[in-house]
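**Student:** Below you will find the structure I want to go over with you.
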């Protein structure tokens, strides 16, 4: 994308802080809630923020849940790719339905900052976690059938999207694809 650095100059850094990083730079993310810290090696020049989450930010949005970090990157079509990153120390069955809330919250915050300056062409959702907790056996006759459904989706690198009814681009599907990194299997994260 031509003028990618100029695009960085017009981003509103008052709502949250963005940094411009070069190819092969390391983007460090630390999440206080999960006490996780990761380093992501970037494959191209990127605009990054690990400051989009917070109670007192983006007061105009009712959705307070938000992913931990975002990466904006130019693609070959002169548009943007948005990478939304969520860190979790461990994954519980009952939390599987909450991921779409966090991804959607991050998307709304980025759209608020960009103010439609450029078109987001692709969105990639990342879930980086340390432990996958053993799930209990679920009795198929009780209300926990949804847990089994969500668990099956998760193993297929998918999550249920609780905002599909809004018909907002990228989030208009009932099922979203995610990219999972289990830190016990793979500590090298390249985006």
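The values are calculated or read from the model by the stated rules, or taken from the named source; none is laboratory data. Everything quoted here is computed from the prediction, not taken from an experiment. As a convention, Cβ positions derive from the backbone with ideal geometry for all residues, glycine included, and neighbour counts pool all protein chains shown.
**Student:** For region 81-112, which residues satisfy the criterion of being in contact (Cβ under 8 Å) with a residue 60 or more places away in the chain and more than 12 Å from the chain's Cα centre (by Cα)?
**Tutor:** Passing the criteria: 91, 96, 97, 112.
**Student:** OK, next. Which ones in region 78-111 are part of a loop (DSSP other than H, G, I, E, B) and out of contact with any helix residue (DSSP H, G or I) (no Cβ under 9 Å at 6 or more places or on another chain)?
**Tutor:** Hits for region 78-111 are 78, 79, 92, 98.
**Student:** While we're looking at this one, here's another question. Considering only residues that are surrounded by 18 or more Cβ atoms within 10 Å (Cβ to Cβ), out of contact with any helix residue (DSSP H, G or I) (no Cβ under 9 Å at 6 or more places or on another chain) and part of a loop (DSSP other than H, G, I, E, B), which ones fall in region 159-191?
**Tutor:** 191
**Student:** I would also like to ask the following. Of (1) surrounded by fewer than 18 Cβ atoms within 10 Å (Cβ to Cβ); (2) closer than 29 Å to residue 151 by Cβ, residue 67 satisfies all except one. Which?
**Tutor:** So the condition that residue 67 fails would be (1).
**Student:** If you don't mind, another one. Just to check your reading of the model, which residue among 22, 39, 14 is free of Cβ contacts under 8 Å to residues at least 40 places away in the same chain and touching a strand residue (DSSP E or B) at 6+ places or on another chain (Cβ under 9 Å)?
**Tutor:** 22
**Student:** Inside region 1-42, counting only strands (runs of 3 or more DSSP E) that do not spill past its ends, which hold 3 or more residues that are farther than 23 Å from residue 108 by Cα and under 17 Å from the mean Cα position of the chain (by Cα)?
**Tutor:** Result: 36-41.
**Student:** May I pose another question? On the basis of being in contact with a strand residue (DSSP E or B) (Cβ under 7 Å, 6 or more places away or on another chain), more than 27 Å from residue 148 (Cβ to Cβ) and surrounded by fewer than 22 Cβ atoms within 10 Å (Cβ to Cβ), does residue 111 make the cut?
**Tutor:** The answer is no for residue 111.
**Student:** Within region 60-78, which residues are touching a strand residue (DSSP E or B) at 6+ places or on another chain (Cβ under 7 Å) and closer than 26 Å to residue 6 by Cβ?
**Tutor:** 69, 70, 71, 72, 73, 74, 75, 77
**Student:** Restricting the search to region 43-63, which residues are modelled with pLDDT of 90 or more, outside any strand (DSSP E or B) and closer than 21 Å to residue 88 by Cα?
**Tutor:** Residue satisfying the conditions is 50 alone.
**Student:** Could you tell me whether any residue of region 126-138 is closer than 27 Å to residue 39 by Cβ, at pLDDT 90 or above and surrounded by fewer than 20 Cβ atoms within 10 Å (Cβ to Cβ)?
**Tutor:** Yes: region 126-138 contains one or more residues that are closer than 27 Å to residue 39 by Cβ, at pLDDT 90 or above and surrounded by fewer than 20 Cβ atoms within 10 Å (Cβ to Cβ).
**Student:** Would you be able to tell me the number of residues in region 116-125 that are free of Cβ contacts under 8 Å to residues at least 60 places away in the same chain, in contact with a helix residue (DSSP H, G or I) (Cβ under 9 Å, 6 or more places away or on another chain) and surrounded by fewer than 17 Cβ atoms within 10 Å (Cβ to Cβ)?
**Tutor:** 0
**Student:** Continuing with this model, one more query. So, residue 122, is that one within 30 Å of residue 59 (Cα to Cα) and either modelled with pLDDT of 80 or more or outside any helix (DSSP H, G or I) (or both) or not?
**Tutor:** Yes.
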